[in-house]
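Visitor: Could you have a look at this structure, given as structure tokens, before my questions?
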Amino acid sequence: MYIAKTSSGELIIPTKEEKGFCVGCGSELVSKMGDINRHHWAHKNLDCDSWSEGETEWHLEWKTNFDITDCEVKMDNHRADIFCNGTIVEVQHSPISVYDVQERELFYKARGEFVWVFDVRHAASRINIVYPSKYRSYARDADGQYIEFYWKQMKKVIEFVSVPFFLDTGKGELIEVRKKQTRENNGCGWLITKEDFINRVKSGEIKNKDNLIYHTLKDQILAKMYDNNGTRPMRRSAIIYKK
């Protein structure tokens, strides 16, 4: 965890000077301030958020690009990695199942504009980016370079992502995926800088509904199934990107 709160409710980053408490459950945290890993907070026992997967250097670096009030924002029994100007950003490093992708999307879509950032640094050598000479009909006007990419052994879970998502290759640039074909291991989108992505989140320019075709009926059924008691949603088919 990057953020804790003091006994008076003030948000703080890791420090030895004050006690820190979880913004979710209120339990006292331990400040981890060694010489190797980036400084962070940790629960003394189990994390109160069942979706928490442990912070990596990559997670913590992403959060340092935003104000501390925008990081690890409590939403019911979960903490959004980043919630800035109405946009929720989930920065995902660990492998994740289709079931968990669908559950988080359903939960967060009800609370704001939701986007993923997937850590694909480990696969960067298998992602071949091509710069076509002509824009395709499904390309939109935007700052950034239109590209097509070929990803050897593309993660199949990508097929089930139903909101805007970005691939962080670790080179200071992100691939904003506009169309993907996991069976053919290819897709297309826009190559944007990390700085541009952060600025777009802060300005509220990233939207869900303008970019996707939703299976409206299925979403309505799922919304009814997911109640305040934490009922888990059933599986659903992939949502298809607009062409």
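The values are calculated or read from the model by the stated rules, or taken from the named source; none is laboratory data. What you are looking at is a predicted structure, and each value in this text was computed from that prediction instead of being measured. Reconstructed Cβ throughout: ideal geometry from the backbone, glycine too, with neighbour counts over all protein chains shown.
Visitor: Given the criterion modelled with pLDDT of 90 or more, among the β-branched types (Val, Ile, Thr) and touching a Ser or Thr at 6+ places or on another chain (Cβ under 8 Å), identify the matching residue among Ile239, Ile198, Ile175, Ile206.
Guide: Working: Ile239 fails: modelled with pLDDT of 90 or more; Ile198 fails: touching a Ser or Thr at 6+ places or on another chain (Cβ under 8 Å); Ile206 fails: modelled with pLDDT of 90 or more.
One residue alone meets the criteria, Ile175.
Visitor: Yes or no: Gln145 surrounded by fewer than 15 Cβ atoms within 10 Å (Cβ to Cβ) and either touching a residue at least 24 places away in the same chain (Cβ under 8 Å) or in contact with a Phe, Trp or Tyr (Cβ under 8 Å, 6 or more places away or on another chain) (or both)? Outline the logic, then answer.
Guide: Values: surrounded by fewer than 15 Cβ atoms within 10 Å (Cβ to Cβ): yes; either touching a residue at least 24 places away in the same chain (Cβ under 8 Å) or in contact with a Phe, Trp or Tyr (Cβ under 8 Å, 6 or more places away or on another chain) (or both): yes.
When the stated conditions are applied, Gln145 passes them.
Visitor: Are there any strands (runs of 3 or more DSSP E) wholly within segment 1-112 with 2 or more residues that are under 30 Å from Glu205 (Cβ atoms) and free of Cβ contacts under 8 Å to residues at least 60 places away in the same chain, and if so which? Step through it out loud before you land on a result.
Guide: Numbers: elements: 29-32, 40-43, 71-75, 78-84, 87-92.
Answer list for segment 1-112: 71-75, 78-84, 87-92.
Visitor: Kindly provide the set of residues from segment 113-134 that are exposed (fewer than 14 other Cβ atoms within 10 Å of the Cβ) and not in a helix (DSSP H, G or I), ordered by number.
Guide: Once the filter is applied, which keeps residues that are exposed (fewer than 14 other Cβ atoms within 10 Å of the Cβ) and not in a helix (DSSP H, G or I), segment 113-134 yields Asn128, Val130, Tyr131, Pro132, Ser133, Lys134.
Visitor: Here is a further query. In segment 40-55, is there at least one residue being surrounded by 14 or more Cβ atoms within 10 Å (Cβ to Cβ), closer than 22 Å to Gly172 by Cα and in contact with a Phe, Trp or Tyr (Cβ under 9 Å, 6 or more places away or on another chain)?
Guide: Checking segment 40-55: at least one residue is surrounded by 14 or more Cβ atoms within 10 Å (Cβ to Cβ), closer than 22 Å to Gly172 by Cα and in contact with a Phe, Trp or Tyr (Cβ under 9 Å, 6 or more places away or on another chain).
Quick grid of which residues meet (1) among the basic types (Lys, Arg); (2) at pLDDT 95 or above; (3) closer than 29 Å to Pro14 by Cα:
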| position | (1), (2), (3) |
| --- | --- |
| Ile68 | no, no, yes |
| Asp76 | no, no, yes |
| Lys109 | yes, no, no |
| Phe118 | no, yes, yes |
| Ala123 | no, no, no |
| Ile127 | no, no, no |
| Tyr138 | no, no, no |
| Met154 | no, no, no |
